[in-house]
Structures are given as structure tokens and as C-alpha cells.
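So the structure is just underneath, and the comments pick up after that.
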């Protein structure tokens, strides 16, 4: 597996991009907010478009309490899930 960072010329960036040996992609954005704003996923949507079928999942880690669907294949997931 490879871990990288994604940044476009226009300044959009991803905190983490995970790629497995098959080239499948998971994008991760980390936010310290307890609420979710759809603007948090703009780069994930772009990454999804660029990667096509290789894009498997987008995750926004945040400090809230609920797992929230934001778009097809993109979810907001509380950081506290790591410890539950």
C-alpha cells in the first residue's frame, strides 16, 4: 500500500490518499470540526472523477458523533470510531 498527499494546481488538496497494489484509491480528509460541511468533500469529488472505477471510498474524519453519507462512496466518519 502507498500513502501520499494530493494537491491540484488550483490549490485543492487531500490530507491522505491511500492506494493498494491494485491501484484502488481511498481519499481521506481530516477535520477538527464537530459538524460537517459539504464543501469538505470538493477535492474528494474531484479525486473520484479523476480515478473513475479505481476510487473506492472517500472519508472525512471529524470530531462529531455520527457516520454521515455525503455523496456516493463518500462518508463523514467520527474519529472516535477508531476506539469503539
Taking the DSSP beta bridges in the chain as the whole, what percent of them are antiparallel, to the nearest 5? 50 percent
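Can you tell me the order of 31-37, 8-14, 72-78 when each peptide is scored by its average per-residue count of other Cβ atoms within 10 angstrom, highest first?
72-78, 31-37, 8-14
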Treating the angle as unsigned and between 0 and 90°, give the value, to the nearest 10°, between the Cα long axis of helix 42-51 and the longest Cα principal axis of the chain. 30 degrees
For the peptides 51-58, 64-71, what is the packing order when you average, over each peptide's residues, the other Cβ atoms within 10 Å and list the highest mean first? 51-58, 64-71
Per residue of the chain, what 222 nm ellipticity follows from adding -39500 (n - 2.57) for every DSSP H run with n ≥ 4, rounded to the nearest 500? -3500 deg cm²/dmol
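The numbers here are math on the coordinates, done by the rules we state, and not lab data. As the structure is a computational prediction, the values presented were derived from the model and not from experiment. Don't worry about glycine lacking a Cβ; one is built from the backbone with ideal geometry, like all the others, and counts go over all protein chains shown.
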